[in-house]
Structure formats: structure tokens, C-alpha cells
1. For region 20-62, with every protein chain kept in place, what is the accessible area per residue (1.4 Å probe, Å²)?
2. Which pairs, out of 154/236; 47/154; 128/265, put more than 32 Å between their alpha-carbon atoms?
3. Accessible area per residue of region 134-241 at 1.4 Å probe, in Å²?
4. For region 83-122, which whole percent of the accessible surface, found with a 1.4 angstrom probe, sits on carbon and sulfur atoms?
5. What does the highest-first list of 182-190, 260-268 look like by mean Cβ count within 10 Å?
6. So how do 208-220, 228-240 stack up, highest first, on mean other-Cβ count within 10 Å?
7. Based on the mean of other beta carbon atoms within 10 Å per residue, what is the order of 39-50, 152-163, most packed first?
8. Suppose we take every Cα in region 112-269 and form the convex hull; what volume per residue is that in Å³?
Amino acid sequence: MVIDEVSDDEVRDLFIRLQSGTPLTAQQVRDAWPGSIGPFIERLAGKGTRQGAFTALFAAIDRRGRGSRSDDEYDDPFLEARQTCAQLLTLLLAKERGRGYPSLRGTLLNDLYHENTDFDTQSSTARKFEELLALTEKVVEMRPVDRKRKAVRKSRVFSLFLFLRTLTFSPVNLDRSIPHVADLFWLDEHDPTEPLGTVTTAENIENHYLWMLQTRMAGLNLPELDRNRLFSIDQKSELWARFAGKCGICSEEISPGEEEYDHVKPWILGGPTSLENGRPVHARCHRRGLARSAFRYR
């Protein structure tokens, strides 16, 4: 029997059915799923002998700890790159839709392909995704000469991607900001405070991103943002009095000397270091405030 009047999506669907008895990898099955996501990911990350638009970025990501691979998988050197690209797209879609930090395990990646068969590759979200990949690649490629051959942890790439997304909501000039971001991103690789663990869990993605905001990017000083990132002693005293020693997030009392001072609208998003935009908070609530601002402003 010859089937000659079918769409590309139908061909892909038939391929999945015909191959259901063979040991395809999870990503190979996703590649064959009907819809526009598969070809979109392939164009960006590569497939078979065809390099993707961001091969340099995905090639720089550390691939240790992945376990063994079958000989057949070596025929496609971009298999892992497509999975990572799909994870980043899942991350972006979740944040754009106000869903917080998603799990990036296999079932969620399957949903990306299954639930977005009509994904518009010319949409503003698709364009933003490519722009963020380009910015992430630029930072990664700016690594110091003595680290040119060292891989980048996937968790750091995810956090960098999220941070650059945040910068797109701020008043900064991204072209001028990228070198400053790269300088801080490429600080000591062996920071003992860095959260470790499975990068695909929602909790670990959030924890690592907050770590990057609080430790790695805390030294960022961009000309378009308020030059005074920290509240002065006088401002702190006034804020303490205004809030009557209570936390600006949970409204519970703070023990004197244990308070921190937070921007209601994050400094990195253009929030001024002013009395109108400040509040005393518990240290534990400060992290919650950062996480909450991811929904409110980002």
C-alpha cells in the first residue's frame, strides 16, 4: 500500500506508530511527534548531520553524569542538545504563562510536544526564545581564555537563561549589560554555596536561580538602574519605623538586628532604592519575596 496524500504531521504520526516496537529514546519519539515544536527545536539545536543555530551554546553544557549511551545514539550528536533546548523552551513557556518554575523531567517534555502542536514559530514568544538563546550563548562564549575548554553546568545555564529573561523586563541596554553579566557569571566555578542536585526538579531550578540572584549577580552594577543598590542607614531606620518592626512580606514582627531590607519592585527591574519602594523583611521571607517577584514582574 502506498500513502501519497498526507501532511508532514501525518507522516510523523505514522512514523511513531510504525516505530512503536523499536527502542527509540524518549527524545527521538518527541522529535517525531506531529506539530511545529519538533522542527523548531531541531532548527535551533541540530539533528543528525545538520548543526543547529545555537550549536556553540549546547556544546558548552556539561554532559557528565548522563549515564551510558547506546551506539545508535552516536549517529545523532545533537540528541542531548535537543532535549536541553526543549527544557529551556518549557521553562520559558511556564514563566511566560505565569506558572512559576516547572519540573523539566521527561513527562513535562512530552507535554511540551503533545500540547503545543500548533505552536506558532513566528510568534513573539518564539522570537523571544531565540533572542534569549542568543544572549545566553553570548555570555557563555565570553568565558575567560583559561576556561575555554571547560563545560558549563546545566543548572547555571538554566539560571543564566532566567536571569537574562528578567533583564528583558528592565530598562537596561542589553548590549552594554552582557559583558557585566559575563564577568559575574564566570566567577569561581567551585562556589561551595551553590545548590547542587537534579537540575530538572522545580525546587532545584528555583533554588539555583535564587542563588544566582543573591550571590552571583548581587554585584551587578548597570548604569540604567539606581546607582544606590543598597538602602542607606537613614533609609533603613525610617523603613523600620514605618513598618513598626514588622516584615513587609509576612507582617510578623522581626527581632531587631535580624532584619534585611528589600525592594518591593526588584532593583534589577528598575525599582528605585527609595523609601516608597523599600521594606524590612525576615531573611527567610526575603527569598520568598524574590520567588514571588518572579510571578509579579517577570
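1. I get 42 Å² per residue for region 20-62.
2. Over 32 Å apart, Cα to Cα: 154/236.
3. Averaged over the residues of region 134-241, the accessible area is 51 Å².
4. 38 percent
5. Most protected by this proxy first, the peptides run 260-268, 182-190.
6. Per-residue mean Cβ counts within 10 Å order the peptides as 208-220, 228-240.
7. The packing order, highest mean first, is 152-163, 39-50.
8. With only Cα atoms used, region 112-269 gives 181 Å³ per residue.
The values are calculated or read from the model by the stated rules, or taken from the named source; none is laboratory data. Being a predicted model, the structure only gives us computed values, none of them experimental. Note: ideal-geometry Cβ built from the backbone for every residue, glycine included; neighbour counts use all protein chains shown. These area figures cover heavy atoms from the full protein model, side chains too; ligands, DNA and RNA do not enter into them. Shrake-Rupley method; radii C 1.70, N 1.55, O 1.52, S 1.80 Å.
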